[in-house]
Structure formats: structure tokens, C-alpha cells
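For reference, the structure is listed below as C-alpha cells.
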Amino acid sequence: MNENEVRHLLENIKNGKIDIENALEVLKDLPYKELAYAKIDNHRELRVGYPEVIYCAGKTADQVKGIVEFMITKGNNILGTRASKEIFSVVKEICSDAEYNELGRTITVKRKAVKETNSYIAIVTAGTSDIPVAEEAAATAEIFGNRVERVFDVGVAGIHRLFNNLDIIKGAKVIIVIAGMEGALASVVGGLVDKPIIAVPTSIGYGANFGGLSALLTMLNSCSSGVSVVNIDNGFGAAYFASMINKMGRE
């Protein structure tokens with residue numbers, strides 16, 4: 001439940017539109033729902049503004065199915081990250097409206113309207129190979145109600161491609177820059193814009209990339225100000241933080 005839903009419930013009790021017993025039914029699963037293998041945090045959106053997200057990696061298809069089965073009873077939007085096709089097929093059996101982003105490996109179920117922001121998040125990748133991380137970020141940002149603009153394959157090996165897309169990038173309220181190899185793109189963008197940048201190193205690269213460690217260190221050592229860094233391949237974490245920034249000051 002979010003704050004607006006709690007307020008609506010309390011107003012209905014006050015106005016006699018719902019009795020105490022029915023209100024208790026609505027609230028009984030707070031603060032969390034106990035399953036044999038998971039404790040679903042139904043209180044999270046009320047505390048922090050965003051509902052719990054299902055991290056599917058490491059979970060069985062039946063575990064994810066059980067979590068989704070409960071979550072849909074609350075009428076909330078659902079996001080699952082790092083989901084395989086097998087897990088999606090099981091979720092699709094109980095949620096015909098579930099959607100799968102194959103590149104980003106995300107499952108989304110949209111059960112309630114979320115007003116989209118006027119301002120937008122720009123998601124920028126150095127290469128085409130970084131798009132899976134970008135799509136995880138995009139799916140996350142979009143289900144949280146953010147407008148997203150994608151700018152892909154504008155890395156430093158062909159810097160003119162970046163310059164040709166600067167208007168879109170500069171128009172964003174916050175920018176997610178995703179890069180593997182040496183991870184230089186975040187510093188370059190940071191030197192060209194006046195917006196906060198969230199850098200995401202990816203595990204794309206040859207041996208000395210060390211599975212994304214070289215890009216991570218480059219981004220952490222950026223000489224451009226205004227660049228923050230999340231973990232390797234963490235498109236979800238970048239989008240969550242970007243959504244918080246994008247919605248600051250919004251009525």
C-alpha cells in the first residue's frame with residue numbers, strides 16, 4: 001500500500017463507507033506477508049515510495065510464481081528483474097497481461113495507472129552490447145512512472161555520434177550512462193552537461209576488463225564532477241536512483 005491508498009482507506013472508514021472488519025481485511029497483510037520461502041514486504045511503498053521488486057535470479061520458477069500470485073491480489077504493479085524465459089512462462093500462466101523484456105530480462109505486470117513524469121530520464125549506452133543493462137534500467141524507470149529517452153551506441157570510439165545526440169541528453173533531468181570496456185563515456189558526458197549522471201559499468205569487454213572491474217574503477221575515478229556510480233551491470237539500481245531524482249520537486 002502507498003500513502004494515498006492508506007489515506008483513502010482511512011477516509012472511507014471516517015465517512016462510514018467501509019466498516020472496521022473490512023478495513024482490517026485490507027490491512028492484515030501489513031507489514032509483510034509470510035510465505036514458506038519469502039517475506040513479501042507490503043509496507044515498503046508506504047515507507048519509501050516504491051513497492052518491493054522481485055529479484056528472480058536464484059529463485060525457482062515456482063517461488064517467483066508464488067510471490068507474484070500474492071502480489072497481484074493487492075492490485076499493484078509488479079517488476080521482476082533478472083528473469084529467465086522459463087520464469088516468465090510460469091508467470092504468464094497466472095498473469096496473462098505480464099510482459100517480458102527479453103533483452104533486459106525483466107517481467108512487468110501493470111495493474112494500476114501511474115502518472116508519467118513530464119521530465120525524462122536519458123539512458124545512454126556506449127555500445128550496442130550494453131543495451132541489455134540499459135533495457136533493465138528502462139523497464140525499471142518506466143514502471144515507476146518515468147518518461148525515458150534511449151540513446152544507444154554513442155561511445156568514445158565514435159564520439160561524433162554522441163555530439164549528434166546531445167540535445168536529447170541535455171534535455172533530461174537525470175542521465176544514466178552505461179559503458180563497458182574502459183567505461184570512459186560517463187566522464188565525457190559529465191564534462192558536457194549540467195545534469196546529474198548515474199554511471200553503470202558493464203561486464204562487456206575483453207580479458208583485462210576483468211568482468212567490468214576496469215570500467216567500474218574508471219567511473220569511480222572520473223575527473224568530471226556530478227558523476228555517481230552503481231555496481232557492475234546494475235541497471236535496476238541506476239534506474240531506481242534516477243527515478244528518485246526525476247521525481248524530486250514534483251507536485
- Magnitude of the charge dipole, the chain, Cβ model with Lys/Arg +1 and Asp/Glu -1, debye to 20: 340 debye
- Based on the alpha-carbon gyration tensor of segment 120-246, what equivalent-ellipsoid semi-axes (square roots of 5 times the eigenvalues) come out, in whole Å, largest first? 19, 16, 13
- In degrees between 0 and 90, to the nearest 10, how far off the longest principal axis of the chain does helix 85-94 point, with axes built from Cα atoms? 30 degrees
- Query: In nm, what is the difference between 0.36 nm times the number of residues separating K65 and Y37 and their Cα-Cα distance?
  - Reply: 8.9 nm
- Taking segment 111-170, which GluC sites (Glu not before Pro) meet the DSSP loop condition and have no more than 10 other C-beta atoms within 10 Å? none
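For a Förster distance of 41 Å, can you work out the FRET efficiency between the beta-carbons of T73 and A157, rounded to the nearest 0.05?
Working from the Cβ atoms, E equals 0.25.
Just to verify a number: FRET efficiency for D167 and Y206, C-beta to C-beta distance, R0 = 30 Å, to 0.05?
Rounded to the nearest 0.05, the efficiency is 0.35.
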- In degrees rounded to 10, the 0-90 angle between helix 235-246 Cα long axis and the longest Cα principal axis of the chain is 80 degrees
- Query: Pairing the Cα long axis of helix 61-71 with the longest principal axis of the chain, what angle in degrees results, from 0 to 90 and rounded to the nearest 10?
  - Reply: 60 degrees
- Query: Are any of the pairs K17/K112; K85/K170; K65/K173 more than 32 Å apart by Cα-Cα distance, and if so, which?
  - Reply: K85/K170; K65/K173
- Would you kindly state how much longer the chain becomes between R7 and E102 on full extension, computed as 0.36 nm times their sequence separation minus their alpha carbon distance, in nm to one decimal? 30.4 nm
- How large is ³J(HN,Hα), in whole Hz, for each residue of segment 168-180 in order, when computed from phi with the Karplus curve 6.51 cos²θ - 1.76 cosθ + 1.60 and θ = phi - 60°, using x for Gly and Pro? 5, 5, 5, x, 6, 7, 8, 10, 9, 10, 10, 8, x
- The extension gain from E93 to V48, computed as 0.36 nm times the residue separation minus the Cα-Cα distance, is 13.1 nm
- Mind checking which of L79, L192, L216 has the largest fluctuation in a GNM of the chain, springs on alpha carbons under 10 Å? L192
- Item | Test item: Cα-centred dipole of segment 31-109, Lys/Arg +1 and Asp/Glu -1 on Cβ, debye | 220 debye
- Labelled set [x] 51, 39, 36; [y] 64, 40, 28; [z] 48, 41, 32; Cα extents along the principal axes in Å computed from this model equals the value at [y]
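Read-outs throughout are calculated quantities, based only on the coordinates presented, and are distinct from any laboratory measurement. Please read all numbers here as calculations on a predicted model, not as lab measurements. Counting neighbours? That spans all protein chains shown, and the Cβs are built from the backbone with ideal geometry, glycine included.
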